[in-house]
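*Asks:* Dumping the structure here so I can ask a few things about it.
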Amino acid sequence: MPADASPAGPPLEIRGLSKWYGAFQALDGIDLTIGRGERLVICGPSGSGKSTLIRTINALESFQRGKIRVDGVVLSRAPAAVAAIRARVGMVFQQFNLFPHLTVLENCTLPLRRVRGLSAEDARARAMLYLEKVHIPEQAAKFPAQLSGGQQQRVAIARAVAMGPQLLLLDEPTSALDPEMVKEVLDTMLGLAADGMTMAVVTHEMGFAREFATQVIFMDRGRIVETAAPADLFANPREERTRAFLRQVLRKD
Amino acid sequence: MHFADNVDYPPWFRRPVVFLPALAILYLALWQGDAAHWAVTETILGVLKASATPVVVTAGLTALIGANVWLILGLPVRWQVFAVWVELALLLALFFVSFDLSWDFIRRKIWLLVSIGLINTLYISAASIAFASILALAGAMAKLSGNGVAIGVANFYTSFFRGIPLLMQIYIIYLGLPQLGVVIDAIPAGIVALSLCYGAYMTEIFRAGIESVPVGQWEAARALGFRPGTILARIILPQAMRVIIPPTGNQFIAMLKDSSLVSVIGVWELMYLARTEGQTEFRHIEMMLTASMIYWVMSGMLELAQARIEQHFGQAHAR
């Protein structure tokens with residue numbers, strides 16, 4: 001597929017997306033669009049399909065029905081299409097998934113060299129630029145195990161953003177962190193938002209979502225139950241299921 | 001290795017209530033075993049024995065062993081290990097010396113064992129290790145591939161070559177393949193047999209090693225857009241090595257000695273030469289012991305190499 005020549009559409013466009021695990025329907029007719037510079041927060045109870053949705057977008061999960069387009073590129077099972085999608089989509093995981101045998105710097109430079117084809121010096125310069133953006137250039141020579149959870153997650157964000165994605169997916173980026181480290185990661189994400197990065201985030205941090213999101217969707221049983229601007233969703237949820245869920249998570253806050 | 005449970009175990013064996021009865025039991029055991037008349041006793045306590053009764057010799061032996069144990073228990077751990085190694089090696093040497101070996105014969109033949117036997121053994125083992133590693137990686141990838149044909153081939157391969165004796169595999173390849181018109185020399189046949197056999201064992205080691213890497217590592221690598229070959233070579237295998245290397249080191253050491261099986265098809269490796277040279281002057285034990293010591297030295301070197309490699313791949317986990 002001549003991926004780079006395709007007419008650029010919105011960073012993400014999903015139509016009628018459905019996915020089954022055997023008889024269990026994980027996603028049920030998802031329609032979703034994220035415009036450039038927009039920030040989507042996906043919330044909902046566990047098992048509602050939030051993570052599945054986000055992982056389907058960059059082909060970590062397959063799907064049976066519907067259409068996903070990233071930046072105008074249609075996702076299919078062809079290796080070229082998958083590669084073209086992954087070149088446009090960055091991903092940050094709950095468990096960081098840094099490569100433990102590589103230093104922080106090598107974690108960032110290896111994909112730049114092997115996937116982006118940068119020279120060693122260019123990769124190093126670009127990696128250091130993004131490590132400075134997440135405020136940990138001084139940790140570049142350390143191994144991930146020597147860093148705190150919050151620092152590891154910021155490295156993971158730097159590694160993903162350094163690749164220059166059109167869309168950044170974050171799957172519960174603060175759920176595995178000790179409470180005192182949540183803020184540094186959320187602040188990093190707010191910094192990316194200020195830079196205009198298009199993002200889709202699965203999170204339970206509702207206070208953060210209100211400040212961060214341009215659009216919030218509430219999912220339950222594989223469907224999008226409610227889509228709203230963050231202020232509206234929190235102040236005035238239309239659906240009873242949304243209200244029940246918000247009562248649960250806000251009480252926890 | 002220390003078990004850091006912060007407990008200071010008392011040196012209980014050096015307490016008189018334990019140590020003195022232990023000496024008494026040792027004395028009785030030596031007396032019962034007639035240790036005063038052992039050849040090894042004569043070697044150690046030669047001066048004493050000439051003019052002493054068995055009671056005195058046994059007492060002297062008991063005192064010597066007791067003092068030795070007492071002293072070693074008082075040393076720091078590192079020196080304890082060293083002292084025990086030296087003493088066990090000396091005892092082993094005494095044991096061998098008691099065979100009344102012809103050192104002259106060993107001196108005359110050892111160069112032949114080293115120059116031809118050792119070189120051939122090393123060459124066969126090194127080649128087999130290299131091919132077995134390639135087979136093991138291919139086998140592990142096949143088993144994890146999700147492709148039924150690949151899984152079937154890999155399963156049949158590991159089942160067959162782990163399931164029949166290595167000696168039989170050597171015969172099948174050297175004597176059986178010519179039936180199909182494939183005539184193969186003895187050394188290549190040995191290398192093929194050893195590679196296939198150890199590749200089958202190592203397939204399981206490699207599979208377990210690859211599976212020990214968390215699935216999140218594959219996902220992160222895929223999400224970053226790495227190609228499958230790069231994921232395996234740069235992300236997964238370096239991490240799997242921590243699990244793969246210790247049992248693989250075992251396999252290499254075992255293979256070094258199993259390479260002696262190819263002597264049955266007339267390869268002039270270490271064990272073949274030891275046997276045939278020993279026959280020339282009916283000095284079998286000399287040649288077998290010499291070959292054994294050469295094997296031991298080689299496997300010791302492999303152990304050192306393994307420790308170095310483990311250290312290398314463990315560095316990310318050393319905090």
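*Asks:* In the range B:232-242, how many residues are open to solvent by 10 Å² or more (accessible area, probe 1.4 Å) and either facing another protein chain (nearest Cβ under 9 Å) or of a type in the set (D, E, K, R) (or both)? Reasoning before the result, please.
*Replies:* In the first step, residues of the range B:232-242 are kept if they are open to solvent by 10 Å² or more (accessible area, probe 1.4 Å); the result is B:232-234, B:237-239, B:241-242.
Filter again for either facing another protein chain (nearest Cβ under 9 Å) or of a type in the set (D, E, K, R) (or both), leaving B:234, B:238-239, B:241-242.
Residues in the range B:232-242 being open to solvent by 10 Å² or more (accessible area, probe 1.4 Å) and either facing another protein chain (nearest Cβ under 9 Å) or of a type in the set (D, E, K, R) (or both): 5 in total.
*Asks:* Among the candidates B:201, B:171, single out the residue that is touching a Lys or Arg at 6+ places or on another chain (Cβ under 7 Å) and either part of a helix (DSSP H, G or I) or surrounded by 18 or more Cβ atoms within 10 Å (Cβ to Cβ) (or both).
*Replies:* Numbers: B:171 fails: touching a Lys or Arg at 6+ places or on another chain (Cβ under 7 Å).
Answer to the selection: B:201.
*Asks:* Residue check, residue B:245 against (1) at the interface with chain A (Cβ under 9 Å from one of its Cβ atoms); (2) within 20 Å of residue B:138 (Cβ to Cβ); (3) surrounded by 18 or more Cβ atoms within 10 Å (Cβ to Cβ), all met but one. Which one?
*Replies:* So residue B:245 meets the others, but not (1).
*Asks:* Check residue B:54 against each of (1) in contact with a His (Cβ under 8 Å, 6 or more places away or on another chain); (2) open to solvent by 100 Å² or more (accessible area, probe 1.4 Å) and name the one condition it does not meet.
*Replies:* For residue B:54, the exception is condition (2).
*Asks:* To continue, here is another question. Given the criteria away from every other protein chain (no Cβ under 14 Å), within 30 Å of residue A:97 (Cα to Cα) and open to solvent by 10 Å² or more (accessible area, probe 1.4 Å), does residue B:306 qualify?
*Replies:* Numbers: away from every other protein chain (no Cβ under 14 Å): yes; within 30 Å of residue A:97 (Cα to Cα): yes; open to solvent by 10 Å² or more (accessible area, probe 1.4 Å): yes.
Answer is yes for this residue.
*Asks:* Still on this structure, I have one more. Restricting to the range A:36-53, what's the tally of residues that are within 11 Å of residue A:169 (Cα to Cα) and open to solvent by 10 Å² or more (accessible area, probe 1.4 Å)?
*Replies:* 2
*Asks:* Separate question: Being polar (S, T, N, Q) and more than 24 Å from the chain's Cα centre (by Cα) is the filter; apply it to the range B:124-166 and report the residue that is nearest to residue B:187 (Cα to Cα). Let's see the steps before the verdict.
*Replies:* Residues of the range B:124-166 polar (S, T, N, Q): B:125, B:128, B:133, B:145, B:147, B:155, B:158-159.
Then keep just the ones that are more than 24 Å from the chain's Cα centre (by Cα); that gives B:145, B:147, B:155, B:159.
Working: B:145: 33, B:147: 35, B:155: 27, B:159: 25 Å.
So, considering only residues that are polar (S, T, N, Q) and more than 24 Å from the chain's Cα centre (by Cα), the one nearest to residue B:187 (Cα to Cα) is B:159.
*Asks:* For residue A:8, are the conditions met, namely being part of a helix (DSSP H, G or I) and open to solvent by 50 Å² or more (accessible area, probe 1.4 Å)? Outline the logic, then answer.
*Replies:* Numbers: part of a helix (DSSP H, G or I): no; open to solvent by 50 Å² or more (accessible area, probe 1.4 Å): yes.
No, not satisfied.
Residue by residue, here is whether (1) open to solvent by less than 50 Å² (accessible area, probe 1.4 Å); (2) out of contact with any Phe, Trp or Tyr (no Cβ under 6 Å at 6 or more places or on another chain) holds:
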{"site": "B:46", "(1), (2)": "yes, yes"}
{"site": "B:62", "(1), (2)": "yes, no"}
{"site": "B:84", "(1), (2)": "no, yes"}
{"site": "B:87", "(1), (2)": "no, yes"}
{"site": "B:91", "(1), (2)": "no, yes"}
{"site": "B:98", "(1), (2)": "no, yes"}
{"site": "B:107", "(1), (2)": "no, yes"}
{"site": "B:125", "(1), (2)": "yes, yes"}
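*Asks:* Mind checking which residues of the range B:257-275 are open to solvent by less than 10 Å² (accessible area, probe 1.4 Å), aliphatic (A, V, I, L, M) and in a helix (DSSP H, G or I)?
*Replies:* If the condition is that a residue be open to solvent by less than 10 Å² (accessible area, probe 1.4 Å), aliphatic (A, V, I, L, M) and in a helix (DSSP H, G or I), then B:262, B:270, B:273, B:274 are the ones that fit.
*Asks:* For the list (1) within 14 Å of another protein chain (Cβ to nearest Cβ); (2) on the phi > 0 side of the Ramachandran plot, I need the number of the one condition that residue B:181 fails.
*Replies:* The one condition residue B:181 does not meet is (1).
*Asks:* Has the range B:212-231 got at least one residue that is under 19 Å from the mean Cα position of the chain (by Cα) and open to solvent by 20 Å² or more (accessible area, probe 1.4 Å)?
*Replies:* No - not one qualifying residue is present in the range B:212-231.
*Asks:* Taking the range A:186-210 only, how many residues are of a type outside the set (Ser, Thr, Tyr), more than 15 Å from residue A:91 (Cβ to Cβ) and part of a helix (DSSP H, G or I)?
*Replies:* Step one: of the range A:186-210, the residues of a type outside the set (Ser, Thr, Tyr) are A:186-187, A:189-197, A:199-202, A:204-210.
If we keep only those that are more than 15 Å from residue A:91 (Cβ to Cβ) too, we end up with A:186-187, A:190-191, A:193-196, A:204-210.
Restricting the remaining residues to those that are part of a helix (DSSP H, G or I) gives A:186-187, A:190-191, A:193-194, A:206-210.
Residues flagged as of a type outside the set (Ser, Thr, Tyr), more than 15 Å from residue A:91 (Cβ to Cβ) and part of a helix (DSSP H, G or I) within the range A:186-210 amount to 11.
*Asks:* Can I ask one more? Which strands (runs of 3 or more DSSP E) sit wholly inside the range A:54-172 and have at least 1 residues that are open to solvent by less than 30 Å² (accessible area, probe 1.4 Å), within 12 Å of chain B (Cβ to nearest Cβ) and more than 30 Å from residue A:22 (Cβ to Cβ)? Spell out how you get there, then give the answer.
*Replies:* Working: elements: A:65-70, A:89-92, A:167-171.
Of the strands (runs of 3 or more DSSP E) lying wholly inside the range A:54-172, those with at least 1 residues that are open to solvent by less than 30 Å² (accessible area, probe 1.4 Å), within 12 Å of chain B (Cβ to nearest Cβ) and more than 30 Å from residue A:22 (Cβ to Cβ) span A:89-92, A:167-171.
*Asks:* While we're looking at this one, here's another question. Anything in the range B:66-82 that is surrounded by fewer than 12 Cβ atoms within 10 Å (Cβ to Cβ) and among the small types (Gly, Ala, Ser)? List them, or say none.
*Replies:* Within the range B:66-82, B:67, B:74 qualify.
The values are calculated or read from the model by the stated rules, or taken from the named source; none is laboratory data. On a predicted model such as this, the values are computed, not experimentally measured, just so you know. Cβ coordinates were reconstructed from backbone atoms using ideal geometry, including for glycine residues, and neighbour counts include every protein chain displayed. Ligands, DNA and RNA are stripped out before the accessible areas are found, and what is left, the full protein with its side chains, is counted by its heavy atoms. Shrake-Rupley method; radii C 1.70, N 1.55, O 1.52, S 1.80 Å.
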